């Protein structure tokens with residue numbers, strides 16, 4: 001395949017871009033024509049990471065010219081559209097209003113880009129819960145919209161813990177290819193990866209051997225964090241060997257059945273076997289949440305990205321927003337390789 005020209009919509013800090021460049025098929029044969037994100041800090045970090053001053057950069061996807069949305073800003077020709085379109089309207093912890101939320105309608109802007117620029121391929125991503133909205137009607141509508149633009153479509157419900165990172169993060173992937181007979185494609189999911197082959201097989205492997213005071217759960221706060229809330233599903237287990245999904249609000253002290261907390265004996269265990277034998281019940285132990293560096297690792301980013309966070313003096317509230325809204329990089333790599341090998 002010739003060099004793949006790519007547009008990165010809702011780019012965040014580059015999870016999709018890193019995933020494409022880390023794939024076996026395109027690690028040295030892709031070029032990016034531009035990106036867009038409404039978050040100014042995301043754009044700042046993205047630009048610093050990829051050093052891409054020549055690429056088209058947009059604050060809003062609505063700034064880009066299409067037939068339905070005429071502006072003076074055109075994209076160069078591109079072959080692949082990447083878009084982790086905003087998931088908040090469909091997320092389990094949100095109101096799940098879907099198309100009633102204006103962010104949910106951004107899928108229509110994506111369809112307008114596909115209709116006007118006609119790239120050969122797209123890979124889109126959203127939360128897994130999108131399949132349950134209105135008893136599946138939302139997923140059906142999104143799929144029919146994409147197919148109506150002339151693309152055959154493959155849908156995969158995947159969990160990141162099966163594809164390179166120790167995080168229980170389920171995502172819905174929409175993979176499309178331009179086709180004269182657009183339809184749903186029956187392509188098997190990417191093969192699961194043996195976790196022992198991961199760079200970080202468990203959270204214990206990626207945790208720094210320290211207990212930073214700013215990340216230790218305050219004693220008074222722990223009374224809420226480690227108290228059962230009957231309104232939420234799940235348990236209060238800590239020291240999990242597969243982490244709970246990272247969220248954009250990890251800087252807050254969420255309950256232990258929502259976020260990740262690790263005890264001192266787990267952090268300083270000599271081996272992962274020792275760590276696995278640590279209690280999964282808080283029991284008034286000294287507990288801490290993950291740091292920004294560890295959060296980046298949990299999403300598959302290299303440590304040099306954390307250096308950029310430090311250079312920009314990014315605090316936990318903003319940092320976890322950037323990290324929590326990203327897609328796990330190894331997941332993208334596996335999706336890219338499987339999809340393009342199959343078509």
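Among the candidates 75, 25, which residue alone is within 30 Å of residue 295 (Cβ to Cβ), in contact (Cβ under 8 Å) with a residue 40 or more places away in the chain and surrounded by 16 or more Cβ atoms within 10 Å (Cβ to Cβ)?
Exactly one of 75, 25 is within 30 Å of residue 295 (Cβ to Cβ), in contact (Cβ under 8 Å) with a residue 40 or more places away in the chain and surrounded by 16 or more Cβ atoms within 10 Å (Cβ to Cβ), namely 25.
Does residue 185 qualify as being in contact with a strand residue (DSSP E or B) (Cβ under 9 Å, 6 or more places away or on another chain), farther than 30 Å from residue 239 by Cα and buried (at least 16 other Cβ atoms within 10 Å of the Cβ)?
yes
Can you tell which of 208, 223, 144 is free of Cβ contacts under 8 Å to residues at least 12 places away in the same chain and within 30 Å of residue 315 (Cβ to Cβ)?
None of the others qualify; the one that does is 223.
Here are the criteria: (1) under 26 Å from the mean Cα position of the chain (by Cα); (2) buried (at least 19 other Cβ atoms within 10 Å of the Cβ). Tell me which single one residue 226 does not satisfy.
(1)
Checking the condition touching a helix residue (DSSP H, G or I) at 6+ places or on another chain (Cβ under 7 Å) and surrounded by 12 or more Cβ atoms within 10 Å (Cβ to Cβ), which residue from 281, 242 passes?
Result of the check over 281, 242: 242.
Would you please name the residue that is modelled with the lowest pLDDT, looking only at residues in segment 104-149 that are more than 22 Å from residue 75 (Cα to Cα) and not in a helix (DSSP H, G or I)?
Filtering segment 104-149 for residues that are more than 22 Å from residue 75 (Cα to Cα) and not in a helix (DSSP H, G or I), the one modelled with the lowest pLDDT comes out as 104.
Quick test of your reading of the structure: residue 157 fulfils all but one of (1) surrounded by fewer than 17 Cβ atoms within 10 Å (Cβ to Cβ); (2) assigned by TED's automatic domain parsing to the domain that holds residue 78; (3) not in a strand (DSSP E or B). Name the failing condition by number.
Answer for residue 157: the failing condition is (3).
On the given criteria, is residue 273 closer than 26 Å to residue 159 by Cα, out of contact with any strand residue (DSSP E or B) (no Cβ under 8 Å at 6 or more places or on another chain) and not assigned by TED's automatic domain parsing to the domain that holds residue 22?
For residue 273, the condition - closer than 26 Å to residue 159 by Cα, out of contact with any strand residue (DSSP E or B) (no Cβ under 8 Å at 6 or more places or on another chain) and not assigned by TED's automatic domain parsing to the domain that holds residue 22 - is met.
One line per residue, one yes/no per condition, for (1) over 22 Å from residue 277 (Cα atoms); (2) assigned to a loop (DSSP other than H, G, I, E, B):
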{"position": "182", "(1), (2)": "yes, yes"}
{"position": "186", "(1), (2)": "yes, yes"}
{"position": "199", "(1), (2)": "no, yes"}
{"position": "221", "(1), (2)": "yes, no"}
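Looking only at residues that are surrounded by fewer than 15 Cβ atoms within 10 Å (Cβ to Cβ) and not in a helix (DSSP H, G or I) in segment 206-219, which one is nearest to the chain's Cα centre (by Cα)?
Going through the qualifying residues, I end up with 208.
Which one of 173, 207 is within 29 Å of residue 82 (Cβ to Cβ) and touching a helix residue (DSSP H, G or I) at 6+ places or on another chain (Cβ under 9 Å)?
173
Among the residues of segment 159-174, what is the count of those that are closer than 18 Å to residue 124 by Cβ and under 12 Å from the mean Cα position of the chain (by Cα)?
7
Please name all residue pairs, on different chains or six or more residues apart, with Cβ atoms under 6 Å, provided the first residue is in segment 172-197 and is more than 9 Å from residue 151 (Cα to Cα) and in the same structural domain as residue 141 (by TED's automatic domain parsing) and the second residue is crowded, with 16+ Cβ neighbours inside 10 Å and at pLDDT below 95.
172/126; 172/128; 172/130
Could you tell me whether any residue of segment 317-336 is part of a loop (DSSP other than H, G, I, E, B), in contact (Cβ under 8 Å) with a residue 12 or more places away in the chain and closer than 17 Å to residue 214 by Cα?
Checking segment 317-336: not a single residue is part of a loop (DSSP other than H, G, I, E, B), in contact (Cβ under 8 Å) with a residue 12 or more places away in the chain and closer than 17 Å to residue 214 by Cα.
Among the numbered criteria (1) part of a loop (DSSP other than H, G, I, E, B); (2) farther than 18 Å from residue 14 by Cα; (3) at pLDDT 95 or above, which single criterion is violated by residue 265?
Among (1) part of a loop (DSSP other than H, G, I, E, B); (2) farther than 18 Å from residue 14 by Cα; (3) at pLDDT 95 or above, residue 265 violates only (1).
With respect to residue 207, is the statement that it is in contact with a strand residue (DSSP E or B) (Cβ under 9 Å, 6 or more places away or on another chain), closer than 22 Å to residue 160 by Cβ and in the same structural domain as residue 276 (by TED's automatic domain parsing) true?
In short, yes.
The values are calculated or read from the model by the stated rules, or taken from the named source; none is laboratory data. Everything quoted here is computed from the prediction, not taken from an experiment. Methodologically, a virtual Cβ is constructed for each residue, glycine included, from the backbone with ideal geometry; neighbour enumeration extends over all protein chains shown.
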